[in-house]
Amino acid sequence: RYEITQREARAEILPGVRTPLWTYEGTFPGPTIESRRGRPITVSHRNELPVPTAVHLHGGRTPAASDGYPTDLVLPEGWQEHSMHMGHGSGHGMHDPRAVVTELTRDYTFPLDQRPTLLWYHDHRMDFTAPAIWRGLAGLHIIRDDAEDSLGLPAGRRELPLMIADRAFAADGGLDYPSLDPTLRERPGVRGPYLAGVLGDVILVNGAPWPVHEVDAARYRLRILNASNARHYELEAVTDDGRRLDLVQIGADQGLLAAPVTHRLLPIAPAERYDVIIDFSGVPVGSRVRVVNRLGSGRTRDVMAFRVARNATDDSRIPRTLSNDLPTWRRADAVRLRDFSFRAGRMGGDHGWLIGGLPFDPARSDVTARLGDVEVWRLVADVHHPVHLHLVGFRVLSRGGRPPLPHDAGLKDTVSLRPGEGVEIITRFDGYRGRYLFHCHNAEHEDMGMMANLEIV
Ligand code: C2O
Ligand code: CU
Ligand code: CU
C-alpha cells in the first residue's frame, strides 16, 4: 500500500531558481514505485492541489475503476463551491454525471498481473491532462519478476530509469505553459498556435536539465521514457571522438523483446518506453558520451551526457533469448478489422484533433470489443500522432504498407504514426471488462479531443 499526496511544491530545477510545481509527494518526477508481477498494490491518492485530478497508470493492466478515466476525479477540498463560479465551457461533456466521482482521497488498486516493464503514472483529467503533466504530475512505476531478474542484465547502479521531458521556463522561474490560464484557454482560436502541442527549450532527465551522469566503463541498462507532452526524439549516443555507440534494445513499452535489436538511432514518441543496453567499456576513462536528439536544434539537441569515470569489472550479459512469452497473434486470428483516422478538424468553433472525425465525448460509445477477441486496427494519421491504447498491449503488423521497422519490435502500448502514414496493429482484448480509452499521446492533442472510448464487454 502506498500513499501519495498530490500537492504544490517548489523545486530547484534551474540553478538558483525555485520553480512552482504540481507534484506527487513534493517531487518531480513523483516517487518511483517498484512492484512485483502479480502482487497487487493499492495506491491511495490524496488531492491537495487546487484542481481536480485523475490518476492513470500508463501501460497498466488495470480494472476500469482504477484506470483513471478522465471524468473519474479526485476532487480537491472545496472544489464543489469553487467550480460553480468557474463555469466550465469547453463544450464537450466536462460534466458527465454518470462518471464524476467526488472524493478527496481515492484508492487505486493495481493487480499488476502483467509482463514486467517500465510504466508511468500521470494525470488524465479531461481537457486538462497536458497542463497537469507539464506542471509535474508524472512518475515512474517499475514491475519486476524473477524470470527477468535471473537474466543477468545490468542491475543496481547500472540500471537507470530515464524520464525525458522538455519544459519551458518563464522569466520568474515558473513553468511557462502557453495556455495555463483557463480564461485564455476557453477563448475560441487561442488553441490555434498550440495545435502541434507545447514544446519546451529545456530538456529535463528525471527532472534535471541536461544532466551529466558518472558511469563505470561497463554495460548499463537505460529504461527510457519520453514523458514530453509533444516532443519527439531520435536518440543517439555519441562519444567525444564522434563514435556512435550501439543502442541494444531489449524491451519495448510492454516488456522484454524476444531477442535484442541493435539501433544506432532510436526514435521515441511521447509516452513510448525503450529498454536499452549501452556499453561504455570501450570508451576512454575521463571522456564523455553525449545523448543527442537528432530532431532537436540548438540546445534541444542535447539530452544528457555520461562521463565514464572509472574502469570496472562487468559480469552482466545480454542473453540472445530475452523472453518467450510474447503473444503470437496472427492476422488470421482477428475477428474484426477497424479503421481509425487521426486528423485535425473543427470542434465547435475551435480547432481540434479528431478520431474518425469526432472529438472525445465521455457519453458516447465509440468501440465495443468482446473480451477475449483478437482484432486488427488500421490507424491513419495526418501529422505525427503517438497512439496509445489503455489496458492492452499490441504488436505492430505493418507500417506504411510495409513490414514494421526495427523499433516497432515487441509488445507495445503506444505506436508512433508518422505524417500520412498508416499503421496496422493487432491485439487481444483480455484482462477486464469495462470502459477504457484510446487516444493520441501528444498531450495537447488529447486535450483537444483526440481520444475515444473503448468499451470491453
Ligand atoms: Cu499515458 Cu491515457 O495515457
Ligand atoms: Cu494508458
Ligand atoms: Cu496527435
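The values are calculated or read from the model by the stated rules, or taken from the named source; none is laboratory data. Since this is a predicted model, take the numbers as computed values, not measurements. Please note: Cβ atoms are built from the backbone with ideal geometry, for glycine as well, and neighbour counts cover all protein chains shown.
Structure summary
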{"quantity": "Condition broken by GLU421, with the remaining ones in (1) within 14 Å of ligand 3 (Cβ to nearest atom); (2) surrounded by fewer than 20 Cβ atoms within 10 Å (Cβ to Cβ); (3) under 17 Å from ARG331 (Cα atoms) satisfied", "calculated": "(3)"}
{"quantity": "Only one of ALA381, ALA443, ALA452, ALA409 that is touching a residue at least 60 places away in the same chain (Cβ under 8 Å), touching a Leu at 6+ places or on another chain (Cβ under 6 Å) and not acidic (Asp, Glu)", "calculated": "ALA409"}
{"quantity": "Tally of residues being closer than 16 Å to VAL261 by Cβ and touching a residue at least 40 places away in the same chain (Cβ under 8 Å) across the range 221-246", "calculated": "9"}
{"quantity": "Leading residue by the ranking (nearest to ARG346 (Cα to Cα)) among those in the range 445-457 that are surrounded by fewer than 24 Cβ atoms within 10 Å (Cβ to Cβ) and within 16 Å of ligand 1 (Cβ to nearest atom)", "calculated": "ALA452"}
{"quantity": "Top-ranked residue of the range 382-398 - restricted to ones that are part of a strand (DSSP E or B) and within 16 Å of ligand 3 (Cβ to nearest atom), ranked as surrounded by the fewest Cβ atoms within 10 Å (Cβ to Cβ)", "calculated": "LEU389"}
{"quantity": "Pair list, Cβ < 8 Å and 6+ apart or interchain, from the range 32-59 residues that are within 13 Å of PRO116 (Cα to Cα) to residues that are among the basic types (Lys, Arg) and within 16 Å of ligand 2 (Cβ to nearest atom)", "calculated": "ARG37/ARG115; GLY59/ARG273"}
{"quantity": "Candidate set: the range 104-124, residues that are in a loop (DSSP other than H, G, I, E, B) and more than 11 Å from ligand 1 (Cβ to nearest atom); chosen: the one nearest to ASN324 (Cα to Cα)", "calculated": "ARG115"}
{"quantity": "Members of the range 137-165 found to be under 13 Å from the mean Cα position of the chain (by Cα) and not β-branched (Val, Ile, Thr), listed by number", "calculated": "LEU137, ALA138, GLY139, LEU140, HIS141, LEU162, MET163, ALA165"}
{"quantity": "Odd one out for ARG290 among (1) over 27 Å from the mean Cα position of the chain (by Cα); (2) in the same structural domain as LEU247 (by TED's automatic domain parsing)", "calculated": "(1)"}
{"quantity": "HIS390 being under 21 Å from the mean Cα position of the chain (by Cα) and within 22 Å of GLU455 (Cβ to Cβ)", "calculated": "yes"}
{"quantity": "Test: GLU8 is closer than 16 Å to LEU104 by Cβ and surrounded by fewer than 17 Cβ atoms within 10 Å (Cβ to Cβ)", "calculated": "yes"}
{"quantity": "Filter result for ARG402 (without any contact (Cβ under 8 Å) to a residue 60 or more places away in the chain and of a type in the set (Lys, Arg))", "calculated": "yes"}
{"quantity": "Condition broken by PRO362, with the remaining ones in (1) assigned to a loop (DSSP other than H, G, I, E, B); (2) within 17 Å of VAL415 (Cα to Cα) satisfied", "calculated": "(2)"}
{"quantity": "Selection count where residues are in a loop (DSSP other than H, G, I, E, B) and surrounded by 19 or more Cβ atoms within 10 Å (Cβ to Cβ), scope the range 278-304", "calculated": "3"}
{"quantity": "Members of the range 402-444 that are of a type in the set (D, E, K, R) and more than 16 Å from ligand 1 (Cβ to nearest atom)", "calculated": "ARG402, ASP408, ARG418, GLU421, GLU424, ARG428, ASP430, ARG433"}
{"quantity": "Tally, over the range 417-454, of residues that are assigned to a strand (DSSP E or B), away from ligand 2 (no atom under 15 Å from the Cβ) and either small (Gly, Ala, Ser) or out of contact with any Phe, Trp or Tyr (no Cβ under 8 Å at 6 or more places or on another chain) (or both)", "calculated": "2"}
{"quantity": "Complete set of residues in the range 265-287 that are within 16 Å of ligand 2 (Cβ to nearest atom) and aliphatic (A, V, I, L, M)", "calculated": "ALA269, ALA271"}
{"quantity": "When residues of the range 320-358 are limited to those that are assigned to a loop (DSSP other than H, G, I, E, B) and within 24 Å of the chain's Cα centre (by Cα), the one surrounded by the most Cβ atoms within 10 Å (Cβ to Cβ)", "calculated": "LEU322"}
{"quantity": "Flag for SER398 being more than 16 Å from ligand 1 (Cβ to nearest atom), in contact with a strand residue (DSSP E or B) (Cβ under 8 Å, 6 or more places away or on another chain) and among the hydroxyl-bearing types (Ser, Thr, Tyr)", "calculated": "yes"}
{"quantity": "Among the candidates ARG46, ARG39, residue that is assigned to a loop (DSSP other than H, G, I, E, B) and at pLDDT 95 or above", "calculated": "ARG39"}
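A quick yes/no check of all residues on (1) in contact with a Leu (Cβ under 7 Å, 6 or more places away or on another chain); (2) aromatic (Phe, Trp, Tyr); (3) modelled with pLDDT under 95:
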site: ILE268; (1), (2), (3): yes, no, no
site: TYR274; (1), (2), (3): yes, yes, no
site: SER297; (1), (2), (3): no, no, yes
site: ILE355; (1), (2), (3): no, no, no
